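The next block holds one structure in the form of structure tokens; read it before the comments.
The values are calculated or read from the model by the stated rules, or taken from the named source; none is laboratory data. All figures in this text were calculated on a predicted structure; none of them were measured in a lab. Note that each Cβ is placed from the backbone with ideal geometry, even for glycine, and that neighbours are counted across all protein chains shown. To get the accessible areas, we keep the full protein, side chains included, count just its heavy atoms, and leave off ligands, DNA and RNA. Shrake-Rupley method; radii C 1.70, N 1.55, O 1.52, S 1.80 Å.
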Amino acid sequence: MSGLFITWLWRDPYFFFGAAFLVIFSICCHEFMHAWIAMKEGDCTAADAGHLTLNPLKQMGWFSLILFAFLGIAWGQVPVEPRNFRRPVSDCLVSLAGPLTNLALAIIMLVLCAVLMVNGVDNYRALQMIFYGSVLNQVLFMLNMLPVPGFDGFAVVRHFFPRFLDVKSEAAAIVTVVLVLILFSCIGYLFAFADFLGAAGLHFLTGVLK
């Protein structure tokens, strides 16, 4: 994609609404699993705040949704209180829950796409959107697993290397902002890589299912 996301509304409305649904659904599933696993691990903060839902207004909020509609940038967040966790590994499990949900969605959508193709479904636009959903969730998985503050991967790596990633200084915060800006400037490469993996996986799956 190039330019503002909102321009797709008149350039290709089918893609605009299809992509919007996939992004919002994927982020809401991601946040739901954070809240659900946190509850299972002893912290009901997110559950009590109403985050056991797929409602995008709750999981993402108006600002994220509006920014996504115009710029294609979105996020979600659930409140977590680590002091309530039952065991030391709980924080790591809660952080992993979101990205692994995206990975599962990516696999499910890819398998669905392969099954439809093998069974003779030739609706190109529908297959295209399902495949795009797989690619999108691959990107969400890769982004969130990066060991950068603010991303789930940081909490996962910090669990194994707590002192190495004890980020508290202002300098570290500045470095984080710079890293995030670099990441988003390279987002196209992540999509290209995910598209390559998706195409390879689809080729393999259709070969197995035939």
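The figures follow:
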quantity: Extended-chain gain in nm, criterion 0.36 nm per residue less alpha-carbon gap, Phe21 and Thr53; calculated: 9.9 nm
quantity: Global geometry of segment 57-137, whether rounded, prolate or oblate, following the gyration tensor of its Cα atoms and the 1.5 cut on a/c; calculated: oblate
quantity: Rounded percent of accessible protein surface that carbon and sulfur make up, the chain, 1.4 Å probe; calculated: 71 percent
quantity: Cα centroid separation, segment 83-122 to segment 187-201 (Å); calculated: 17 Å
quantity: From the coordinates shown, Cα extents along the principal axes in Å corresponds to which of (1) 60, 34, 31; (2) 71, 35, 28; (3) 52, 36, 32; calculated: (3)
quantity: Student exercise, segment 1-160 dipole from Lys, Arg, Asp, Glu Cβ charges, in Debye to nearest 20; calculated: 60 debye
quantity: Between 0 and 90°, nearest 10: helix 90-118 axis offset from the chain longest Cα axis; calculated: 0 degrees
quantity: Listed residue (Trp75, Phe21, Trp36) projecting farthest to the positive dipole end of segment 4-89, Cβ model; calculated: Trp36
quantity: Per-residue [θ]222 nm for the chain (sum of -39500 (n - 2.57) over DSSP H runs n ≥ 4, rounded to 500); calculated: -23000 deg cm²/dmol
quantity: Ranked by how many other beta carbons lie within 10 Å on average, peptides 27-40, 146-159, 10-23 from highest; calculated: 27-40, 146-159, 10-23
quantity: Most mobile listed residue (Leu54, Leu140, Leu71) in the chain, GNM with C-alpha springs under 10 Å; calculated: Leu71
quantity: On Cα atoms only, tilt of 61-71 relative to the major axis of the chain in degrees; calculated: 50 degrees
quantity: Full-extension gain in nm, Asn119 to Cys44, via 0.36 nm per residue minus C-alpha separation; calculated: 22.6 nm
quantity: Helix 187-209 axis, angle to the chain major axis (alpha carbon atoms, nearest 10°); calculated: 60 degrees
quantity: Accessible surface, per residue, of the chain when the full set of protein chains is kept, probe 1.4 Å, Å²; calculated: 57 Å²
